[in-house]
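Undergrad: Input: one structure, supplied below.
Here, each number is a calculation from the coordinates, and none is a lab measurement. All figures in this text were calculated on a predicted structure; none of them were measured in a lab. Cβ coordinates were reconstructed from backbone atoms using ideal geometry, including for glycine residues, and neighbour counts include every protein chain displayed.
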Amino acid sequence: MKAIPPSPGHLPATPGLSRASAASRLLQLRGISKRFEQPLDISGRLANLLGAGNRASVVHALDGVDLDVTAGEVIGVVGESGCGKSTLGRIVAGISPPSAGELHYEGRPVAGMSGAERRAYELGVQMIFQNPMASLNPRMRVLDIIGEAPVVHGLVPAAGKADYVAGLMQQVGLDPDYGRRYPHQFSGGQRQRIGIARALALKPRLIVCDEAVAALDVSIQAQVLNLFAELRRAHGLTYLFISHNLGVVGHLSDRVVIMYLGRVVESAPVDVVFSRPNHPYTQALLAELPTLDAERRDYRPIQGELPSPLSPPPGCSFHPRCPHAMPRCAQEIPMLALLAPGHASACHLNDAPTHRSPAGCAGADRTAANESTDPHRIHPPK
Ligand SMILES: Nc1ncnc2c1ncn2[C@@H]1O[C@H](COP(=O)(O)OP(=O)(O)OP(=O)(O)O)[C@@H](O)[C@H]1O
Ligand code: SF4
Ligand SMILES: [Mg+2]
C-alpha cells in the first residue's frame, strides 16, 4: 500500500509526542474537498425555460484540506460560521463522503475499507453534536440510547447491558439510577453527558466534538470541558474539537487548526497560536477575544463580511478583509508552509525574507492585525 507523506501542517502536537509517535498517526487527510450543489429554485428553472441558461450553484465547503491526527492529541478546529468545520467533522466521522481527496484511518484508506476494517473505523470514530436534545431519540430511555449500539455490535452481551451503561453513566457524572428516564427529563448539561456516554460506549479512539459545549450555559460548559479532559486521561482518547470560539478550544487543545472559507490557514501548538500567531486571520480572531488586559478592553471584530462560499474570492480568500493584503494576494492562493517545527501557515507575507523573524516564524502581537499601517509588515511580539 502507498505510504501517505506527512502534511506540512502536521506537528508532534504535545511536547513529548514527538518523532516516536509519528508511527501512531491515527488519521490522515490529504486534499479533502467537499462541494455541495445547490439546485436551481423554481424561478431559476422557469427562467431557463425562456433560455436564461442559469446553472445550479456550487458551495465550496472544503478545499484541499490536509490534516494529520496523532493518537492521543486534542486538535481544536476554529473558524467563523460557514468555514467548513462541521463538514470536516462529518467527513472524518464517515457521515459524509468527501468530493475529492483521501482519508486514511490507522494507515489504511477509508474509501477502500470493507468488512471488519470498515467496522473498526466506524466504531473507532464517534461524533458528539452541538444540540444534545436533537441528537438523542426522545422516545428511547437513556439505558437504550447508550446501551443499544454496543450490544448490536457485540461489544457487550445483552445480559451485561445494564451494568455496562451504569458504569458509563457514572464515568460521565450521571446517576446510574436514572437509566430508565427519557432525554427530556434531564437538563441540557446532563443531556450532553448522555451524548458523551453514547459515544464512549463504542470504545472509540477518536471523538469528533462539533460545538459540543456551545449550547450550554457558561458554568456548565466548564464542567463538560473538564469531563472531556478527564475522559481523555482515563481512556487515552483523541479529540477533534470543533468550535467557533478560540477561547473554548484553547482550554482543551494541544494543537489548533484555523480554517477560513474551506481551507486550513494556520496550524500550530496551542501556546504558539496564542503567543505568536502568524496568519493575519488568526491574529484577527485573537483580537476579537475578550481580554482582562487593563490596557485593552475594547472589542475588535474582524473587518468585513465572510465572503460567500458560492463564489470564494480569487487568490487568498482572506484578502478582501486582510489589513496586510498586497496585489499578489488577489491572484495567487498561498500554500500552507512550515514556519517552524509544528507551525504551518498559508500567507504570502512569509515568502518575504525581510519580514521573517530569525526563527523563520513571523510573530505578531494579538492586536496587530487591525493596527498595521505597513501592509507588508507583521508586527513582532511585544
Ligand atoms: N448539506 C449541505 N448542502 C448545501 N450546503 C451545505 C450543506 N452543508 C453545509 N453546507 C454549506 O457548506 C458551508 C460550510 O458549512 P459548515 O456547516 O461545515 O460550516 P461550519 O464552519 O460548521 O459553520 P457553523 O459554525 O455555522 O456551524 C456553508 O456555506 C454551508 O452553508
Ligand atoms: S497578507 Fe495576503 S496572503 Fe497573507 S493573509 Fe493577507 S491577503 Fe492572505
Ligand atoms: Mg458547524
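Undergrad: Sum up the charges of everything whose Cβ sits under 11 Å from the Cβ of L237, counting Lys and Arg as +1 and Asp and Glu as -1, but leave L237 out.
TA: +2
Undergrad: Oh, and also: Please list, in order along segment 191-197, the HN-Hα scalar couplings obtained from phi with the Karplus expression 6.51 cos²θ - 1.76 cosθ + 1.60 (θ = phi - 60°), rounded to whole Hz, x for Gly and Pro.
TA: For segment 191-197, the Karplus curve yields 5, 5, 5, 4, x, 5, 5 Hz.
Undergrad: Here's a follow-up. Please list 3J(HN,Hα) in residue order for segment 129-135, calculated via the Karplus relation 6.51 cos²θ - 1.76 cosθ + 1.60 where θ = phi - 60°; whole Hz, with x for glycine and proline.
TA: Whole-Hz 3J(HN,Hα) from phi for segment 129-135: 9, 5, 9, x, 5, 6, 9.
Undergrad: Next question, about the same structure. In whole Hz and in residue order, list the ³J(HN,Hα) couplings for segment 234-244 that follow from phi through the Karplus curve 6.51 cos²θ - 1.76 cosθ + 1.60, θ = phi - 60°; x for Gly and Pro.
TA: 5, 10, x, 6, 10, 10, 9, 9, 8, 7, 8
Undergrad: OK, next. In terms of modelled amide H atoms, which long-range or inter-chain residues lie less than 5 Å from the amide H of V58?
TA: It is Q38, by chain and number.
Undergrad: Also, I was wondering about something else. If each residue's Cβ is checked for other Cβ atoms within 10 Å, how do Y182, Y105, Y164 rank with the fewest at the top?
TA: Y182, Y164, Y105
Undergrad: Taking K and R as +1 and D and E as -1, what net charge do the other residues with C-beta under 15 Å from the C-beta of V165 add up to?
TA: +2
Undergrad: Once amide H atoms are built 1.01 Å from N in the peptide plane, which residues 5 or more positions from L26, or in another chain, come under 5 Å H to H?
TA: V69, T70, A71
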